[in-house]
Amino acid sequence: MRNTSAMEWETPSLCGAWTVAQVATHLTSGPATTLPGVLTAMLQARGRFAGSGPRVEGPAEALALAITRRPVRLDELSGPGADALREWAARG
C-alpha cells in the first residue's frame, strides 16, 4: 500500500460509498480502533498481527485482495494457512 497515491486512496471502492482508504482501514483494524492506534500497532508488530487461525503472511495488499476473494496475488502469500486461504479465495 505504500505505493498508493493520494488520488488512488480517495478512489471510490466496490464497497458502496467507501473510498479505497476507508476499506483499507476497515480491513486492517478492529471495530474500536482508531487510525493512529492502527498505525502504532502496525509499527509495533512490524506489520504482523496475531490471529486465531493458521498464520498467513504476505504484503497487506495481497492479504486484502485474498480476504475479499480477489485471487490476483495469491502467489505472494505464505505460511501454514496460505493454502487454505488460496483455496477459499479462488472459489470466489
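The values are calculated or read from the model by the stated rules, or taken from the named source; none is laboratory data. All values reported here derive from a predicted model rather than from experimental measurement. Methodologically, a virtual Cβ is constructed for each residue, glycine included, from the backbone with ideal geometry; neighbour enumeration extends over all protein chains shown.
If I filter segment 38-56 for residues that are modelled with pLDDT of 75 or more, surrounded by 13 or more Cβ atoms within 10 Å (Cβ to Cβ) and touching a helix residue (DSSP H, G or I) at 6+ places or on another chain (Cβ under 6 Å), do I get at least one hit? The answer is yes, given that some residue of segment 38-56 is modelled with pLDDT of 75 or more, surrounded by 13 or more Cβ atoms within 10 Å (Cβ to Cβ) and touching a helix residue (DSSP H, G or I) at 6+ places or on another chain (Cβ under 6 Å). Does segment 1-18 contain any residue that is surrounded by 12 or more Cβ atoms within 10 Å (Cβ to Cβ), under 21 Å from Ala89 (Cβ atoms) and at pLDDT below 75? The answer is yes; a qualifying residue exists.
In the set Pro80, Pro31, which member is outside any helix (DSSP H, G or I), at pLDDT 80 or above and either out of contact with any Cys (no Cβ under 6 Å at 6 or more places or on another chain) or not basic (Lys, Arg) (or both)? Lay out the reasoning, then the answer.
Working: Pro31 fails: at pLDDT 80 or above.
Pro80 is the lone residue from the list that is outside any helix (DSSP H, G or I), at pLDDT 80 or above and either out of contact with any Cys (no Cβ under 6 Å at 6 or more places or on another chain) or not basic (Lys, Arg) (or both).
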